[in-house]
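One structure is given below, encoded as structure tokens.
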Amino acid sequence: MPKTSKKDISNLTLLGENLKAGKKAKPSKKLEAFPNKNEGRPYVIELETSEFTCLCPATGQPDFATIKISYIPNKKIVESKSLKLYLWSFRNEGCFHEHLTNIILDDLVKLLDPIWCRVVGDFNARGGIAIKVSAEHGKNPNA
């Protein structure tokens, strides 16, 4: 299996960019990907953050969640720093949890064209009710 080459990272504009320019990181809607060197072998990539925040679209109050992303890559793999900045971009946006989880899934599917992908938004209780939304694309061949 070939290792990561300079060509693999040549299109990544967010990784290390702020360090080179002496700037602080900031939210971004730009998701980036690099080539999957193990195409043809189904394997699962899992990403998780417990630091996700967004706003209630009606009240403007903050909502906190754990976001879990699982996928079987096809030709591309999401670059994790771009994902971090992408998720951060929702911090000041109002969006219902159900819509938000599906937006994240749609954006990942558009970027990656994965064999299978699932996004789970596990939102903390507010007003006594916790909401957990799971959205899925494709069929998991390992299930």
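The values are calculated or read from the model by the stated rules, or taken from the named source; none is laboratory data. Just so it is clear, the structure is predicted and the values come from calculations on it, not from any experiment. Positions of Cβ are backbone-derived with ideal geometry, glycine not excepted, and every protein chain shown enters the neighbour counts. In case anyone asks, the SASA skips ligands and DNA or RNA and just uses the protein heavy atoms, side chains included. Shrake-Rupley method; radii C 1.70, N 1.55, O 1.52, S 1.80 Å.
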Query raised in the report: Counting GluC sites (Glu not before Pro) as exposed when in a DSSP loop with at most 13 other beta carbons within 10 Å, what is the longest stretch of the chain free of them?
Result: 40-92
Requested in this report: Read phi for every residue in segment 123-136 and hand back ³J(HN,Hα) as whole Hz from Karplus 6.51 cos²θ - 1.76 cosθ + 1.60, θ = phi - 60°, with x for Gly and Pro.
Outcome: 8, 4, 5, 9, x, x, 10, 8, 10, 10, 10, 10, 10, 9
Report summary line: Accessible-area order for 91, 41, largest to smallest, probe 1.4 angstrom, reads 41, 91
Report summary line: A correct Stokes-Einstein calculation for segment 55-114, using the alpha-carbon Kirkwood radius, 20 °C and 1.002 mPa s, returns a whole-number D in µm² s⁻¹ of 170
Report task. Past 20 Å, Cα to Cα, is the threshold; run 7/139; 6/81; 76/132; 37/68; 29/76 against it and keep the listed order. Result -> 7/139; 76/132; 37/68
Query raised in the report: Against the longest principal axis of the chain, how steep is helix 97-112, in degrees 0 to 90 to the nearest 10, with axes from Cα atoms?
Result: 10
Query raised in the report: Rg and Dmax of the chain, Cα atoms, in Å?
Result: 16.2, 51
**Report entry** Table column - 3J(HN,Hα) (Hz), segment 82-92, Karplus curve with 6.51, -1.76, 1.60, x for Gly and Pro
**Finding:** 5, 5, 4, 5, 5, 5, 4, 5, 7, 3, 10
